[in-house]
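Okay, structure first, notes after.
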Protein chains: 2
Amino acid sequence: MAKIPSQLLKGTLEGALLLIIARGETYGYAVQTTLAELGFGTVPEGTIYPLLLKMQKQGLIAAERHASKTGPDRKYYHLTAAGQTAIASFVPRWQQLAQAMARLVEAKDETSQ
Amino acid sequence: MAKIPSQLLKGTLEGALLLIIARGETYGYAVQTTLAELGFGTVPEGTIYPLLLKMQKQGLIAAERHASKTGPDRKYYHLTAAGQTAIASFVPRWQQLAQAMARLVEAKDETSQ
DNA sequence: GCCTATACTTTGCATTGCAAGGTAGGAGGG
DNA sequence: CCCTCCTACCTTGCAATGCAAAGTATAGGC
């Protein structure tokens, strides 16, 4: 799976993390695995953890530490009401962008051959 | 048409401009109109012109100035071979990102009600 | 004891979108 | 003739974000 360039990810990643956490409580390390499984490629720790902390400070997600039997403690995040609101505003913007890009890409496919 | 947040546009815009110029020679001011028509919202001049200059320096596009009957000179851009290559590498990355996001958004639609 | 996988944090840099301001031509109204 | 608007381009400086790099720490296998 090819790596998605940093600049393409910009801004999208916050929405992606919100949507992942919305599916059920998770922790940073697991989020990284989930992103890879979804096709986002390997998003480095130096991206994920600072972003989670920022979102926590903004009140979009909240955290609780729990012990793990297979390693160090995990910091489990879950969505707050503000996080729900953020998702509700993110999704349509993303869809708008995706549609606009789709128009360009499809138009290109037609003309390029 | 709602405005797409800056952070979502990051990186995407360069690809969008390449695809627009690939459809046929255009100039900055017209690109702005085209973006709006495609659904990208109003992308400010302070975004478009610096980006076009950067892409020109990188050799992805080339420019020629021509007079206009209805106003100041226009700087027409057209794609170079390097620009074609850039499109060829951009499009699959974008599609990868769009697919990964689609999985998350669709999953959300199912669970949310 | 050492190495690997797991798990989180912090610092500093590079890139990019954009607000704000500047320059300038042509057309129309006052 | 001046003023305003639309057209058309450029530059400066700031803010946001991804990420490399380095550090800390637990658990298990060799």
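Here are some notes:
- B:Pro5 under 23 Å from B:Gln95 (Cα atoms) and open to solvent by 30 Å² or more (accessible area, probe 1.4 Å): yes
- Where helices (runs of 4 or more DSSP H) sit wholly within the range B:1-55, those with at least 2 residues that are touching a residue at least 60 places away in the same chain (Cβ under 8 Å) and more than 13 Å from DNA strand C (Cβ to nearest atom) occupy B:12-22.
- Selection status of B:Lys57, farther than 25 Å from B:Arg93 by Cα, basic (Lys, Arg) and away from every other protein chain (no Cβ under 13 Å): no
- Only one of A:Glu25, A:Glu45 that is closer than 17 Å to B:Lys108 by Cα and out of contact with any Gly (no Cβ under 7 Å at 6 or more places or on another chain): A:Glu25
- Filter pass, A:Leu79 being open to solvent by 30 Å² or more (accessible area, probe 1.4 Å) and away from chain B (no Cβ under 12 Å): no
- Qualifying residue in the range B:31-42 (condition: surrounded by 18 or more Cβ atoms within 10 Å (Cβ to Cβ), within 12 Å of DNA strand D (Cβ to nearest atom), small (Gly, Ala, Ser) and under 30 Å from A:Val91 (Cα atoms)): no
- The single residue among A:Glu25, A:Glu14, A:Glu45 that is open to solvent by 30 Å² or more (accessible area, probe 1.4 Å) and more than 8 Å from DNA strand D (Cβ to nearest atom) turns out to be A:Glu25.
- All positions within the range A:95-104 that are open to solvent by 10 Å² or more (accessible area, probe 1.4 Å) and at the interface with chain B (Cβ under 7 Å from one of its Cβ atoms): A:Gln96, A:Ala98, A:Gln99, A:Arg103
- When residues in the range B:59-80 are screened for being more than 9 Å from DNA strand C (Cβ to nearest atom), in a loop (DSSP other than H, G, I, E, B) and out of contact with any Ser or Thr (no Cβ under 8 Å at 6 or more places or on another chain), 1 of them pass.
- Restricting the range A:59-73 to residues that are away from DNA strand D (no atom under 11 Å from the Cβ) and not aliphatic (A, V, I, L, M), the residue that is most open to solvent (accessible area, probe 1.4 Å) is A:Arg65.
The values are calculated or read from the model by the stated rules, or taken from the named source; none is laboratory data. Just so you know, these numbers come straight off a predicted model, no measurement behind them. Neighbour counts are summed over all protein chains in view; Cβ atoms, including those assigned to glycine, are modelled from backbone coordinates with ideal geometry. Side chains included, ligands, DNA and RNA excluded: accessible areas come from the protein's heavy atoms. Shrake-Rupley method; radii C 1.70, N 1.55, O 1.52, S 1.80 Å.
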